[in-house]
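Colleague: Here it is: the structure, laid out below.
The values are calculated or read from the model by the stated rules, or taken from the named source; none is laboratory data. Quick caveat, the model's predicted, so the values are computed rather than measured. Note that we place each Cβ from the backbone using ideal geometry, even for glycine, and neighbour counts take in every protein chain shown. Heads up: the accessible areas ignore ligands, DNA and RNA and are worked out on the full protein's heavy atoms, side chains in. Shrake-Rupley method; radii C 1.70, N 1.55, O 1.52, S 1.80 Å.
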Amino acid sequence: MNFDFLLPVEDNIVAHTALLPNQSLGKSIHIHSKKNGLPDIENAHIAIIGVKDGRRAVDNFGTGDSFSPIRQYLYQLFPGNWFSKIVDLGDIPKGNNEDDTYFAVQEIIAFLIKKKIIPIIIGGGQDLTYANFRAYDKLEQTVNLTVVDTKFDLGSIEEEITSESYLSKIVMDQPNNLFNFNNIGYQTFFNSQEEIDLLEKLHFDCYRLGEIANDSKLVEPVMRDTDMVSIDIGSVRRAEAPANKNAVPNGFYGEAICSIARYAGISDKVSSFGIYEYNAKLDEKDQTAHLIAQMIWYFIEGYNFRINEYPFTSKKDYKKYIVPIDDTTINFFKSNKSDRWWMEVEHHHNKVTKRALIPCTYQDYLRARNQVIPERWWKTFRKLN
């Protein structure tokens, strides 16, 4: 694919890397610069891309104008004991119109995923999630999408795509590749009861901010069954991430959003990761840029600790637990490597019995032993049947 349309990382940020210690990320990331051109992506594992288009970001004018502060802080960080090759491809510029930007995002993400390179997208409006989603059309697969946001951003199918209406397009537009949608961190008073009821009717999984704040481990099985992740930086409380005109007083703390990013990175299934709605003009003392740099660091850290234990390769690596409940039986599997759990959902398609494995928690197993069918089992069963 021709990457000539990509803008290089700004000269002052590239020059700053010369002053960094040899052990820093700035010295190990392969950076797209004016002087050296595009980096070689052969054998790369992760590619960072900015998208400089915020035209459809509702009430957040200026988002996507500059990602230099994020890169500056990211390059200053030190990697762990990582094996991954990381490239920074620079930025996708604004197209002549929004659809041109979407097309560029879609093409480059599809290309990278086919090459088994995980794109880390920095936006720009969260409407770019739609372009990211449509990149999977070329991969001919269903998609599980997880969004971290205070709102569902459903809008209506009649509206144009914006940062507050992209989800309805993902749900309704053809080809309809969406299998499951998860929202992490929604706040009830920002979403109508009709929207909450609709997502429940569609058997989607939505977790309130308080649920995750009380038990962040709920995020792990969600991410384990996710293909793409979209984070609105407005899901972080304003005091910790002011660089968003729609930021609100309540939200995730910095350490919590970094933990969510790490769970996304460690998932064997996540193949694209995006952080949106960063507005450099509103960033007091570059606080949000510093946080986003750390979120990216935690995602990469998680990636380097992937176990690659799913799909299952050998039965000897797992313990099977059979739990009879009323007229059915649920098979649970526990990994000997990581102690993570899965459960089996039996369903019927064209008179053929099939079985799907879905991630779960130890608490789901305990509920089943107490003769309570886990909620995530029910939702998956209804969707498959």
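Colleague: Does I113 qualify as being part of a strand (DSSP E or B), under 15 Å from the mean Cα position of the chain (by Cα) and among the hydrophobic types (A, V, I, L, M, F, W, C)?
Modeller: no
Colleague: I've got another one for you. With the structure loaded, tell me whether A256 is open to solvent by 20 Å² or more (accessible area, probe 1.4 Å), on the phi < 0 side of the Ramachandran plot, outside any loop (DSSP other than H, G, I, E, B) and not basic (K, R) or whether it fails that test.
Modeller: So A256 fits the description; yes.
Colleague: Tally up the residues in the range 263-288 that are in contact (Cβ under 8 Å) with a residue 60 or more places away in the chain and either within 27 Å of D65 (Cβ to Cβ) or open to solvent by less than 10 Å² (accessible area, probe 1.4 Å) (or both), please.
Modeller: 15
Colleague: Taking the range 337-362 as the search range and keeping residues that are under 24 Å from A264 (Cβ atoms) and not in a strand (DSSP E or B), which one is modelled with the lowest pLDDT? It would help to see each step written out before you state the result.
Modeller: Our first condition is that a residue be under 24 Å from A264 (Cβ atoms); within the range 337-362, this holds for 337-343, 345, 356-362.
The next check asks that each one be not in a strand (DSSP E or B); those that pass are 337-340, 361-362.
Details: K337: 88, S338: 91, D339: 92, R340: 94, T361: 94, Y362: 94.
Among residues in the range 337-362 that are under 24 Å from A264 (Cβ atoms) and not in a strand (DSSP E or B), the one modelled with the lowest pLDDT is K337.
Colleague: Of everything in the range 347-385 that's among the aliphatic types (A, V, I, L, M) and within 16 Å of F333 (Cβ to Cβ), which residue is surrounded by the fewest Cβ atoms within 10 Å (Cβ to Cβ)?
Modeller: That would be L366.
Colleague: A further question follows. Answer yes or no: is there a residue in the range 172-181 that is touching a Pro at 6+ places or on another chain (Cβ under 6 Å) and at pLDDT 95 or above.
Modeller: Among the residues of the range 172-181, not one is touching a Pro at 6+ places or on another chain (Cβ under 6 Å) and at pLDDT 95 or above, which makes the answer no.
Colleague: Let me ask another. Scanning for something in contact with a Gly (Cβ under 9 Å, 6 or more places away or on another chain), within 16 Å of I266 (Cβ to Cβ) and among the hydrophobic types (A, V, I, L, M, F, W, C), does the range 306-314 turn up at least one residue?
Modeller: no
Colleague: While we're here: On the basis of being of a type in the set (K, R) and open to solvent by less than 40 Å² (accessible area, probe 1.4 Å), does R237 make the cut?
Modeller: For R237, the condition - of a type in the set (K, R) and open to solvent by less than 40 Å² (accessible area, probe 1.4 Å) - is not met.
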